[in-house]
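Since every read-out is calculated from the coordinates, none of them should be taken as a lab result. All values derive from a computational prediction rather than experimental measurement. Counting neighbours? That spans all protein chains shown, and the Cβs are built from the backbone with ideal geometry, glycine included.
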Amino acid sequence: MNEKKSWLIIILVFVMLVVATFVVIFILFKDSWFESQSNNPNNNNEDNTVYCTADAKMCPDGSYVGRVAPDCEFEACPEVISSSTNEGFLPEVNNSFDAVIWEEVNKNNLIYQVPKEIGGFNFVKLNDFPTEVKLLDEKFSCEEEGDTKKIINSTTYCVNVFSEGAAGSIFDTYNYTTSFSDNKVLEIVFTVIFPQCMNYDGLRAEDCIQEEKDFNIDYLIGRVAKSVNEVSN
């Protein structure tokens, strides 16, 4: 009888030691264990997805880019390097440039020619083309974020487009720059209004989309740039 009691006491002491050991281990390591669990992304049910607004920016090549997470900045436009002469901005008026009436402007110590009237548009609108023509005292480069290179009649231009929406339309401000001399850059700025084509029905919506896709006034940009002469003070 006494022998059985001794075994029971030994077993009970052993169990108590095992339990005590686990308690001590839990107390020593519980903080680090809980911290590792809280930092585990698989245990975090919080939704950290970034949602950006669904507006779009039109690129110089006619394509559109949207905003991307996490900063919701516009995606970079594809680089456009074209060696074509870009004779025209709409297919149906390709042969009408010889009939464009040009007028001379004297502004910002420059003399240059601009088209008096630009026809051929049914949906796209130009605001005072060009809005601004001026010389900048700097060397020509096209390395800034958002810059796109274009070659018009063998001359390299740097194009930057700023877009904003208002009243159901997208207002794109185009900034063309090119080298005028070793230390001067010619800048030509104008704004184009692109309507939301989905506001039209049927064929008019399709015509609007096609006109925006075909929009290209590189020929006129090259003609204006070629006519620029600096006025001596």
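A few notes on this one:
- Shown here for the range 140-233: GluC sites (Glu not before Pro) in loop regions (DSSP other than H, G, I, E, B) with at most 12 other Cβ atoms within 10 Å, namely Glu143, Glu144, Glu145.
- Look at Asp207, Asp182, Asp218 and count the other Cβ atoms within 10 Å of each Cβ; fewest to most, that gives Asp182, Asp207, Asp218.
- Sorting Ser169, Ser181, Ser232 from the fewest to the most surrounding beta carbons within 10 angstrom yields Ser232, Ser181, Ser169.
- Cross-link pairs beyond the 21 Å C-alpha cut-off, checked among Lys134/Lys184; Lys125/Lys184; Lys184/Lys226; Lys139/Lys226; Lys139/Lys213; Lys116/Lys150: Lys125/Lys184; Lys139/Lys213; Lys116/Lys150
- Set against the 2.2 N^0.38 Å expectation for a compact globular protein, the range 99-168 has a Cα radius of gyration ratio of 1.38.
- Neighbour counting of Cβ atoms within 10 Å sorts the residues Ile217, Ile111, Ile170, fewest neighbours leading, into Ile111, Ile170, Ile217.
- Taken over the range 115-218, the ratio of Cα radius of gyration to 2.2 N^0.38 Å equals 1.22.
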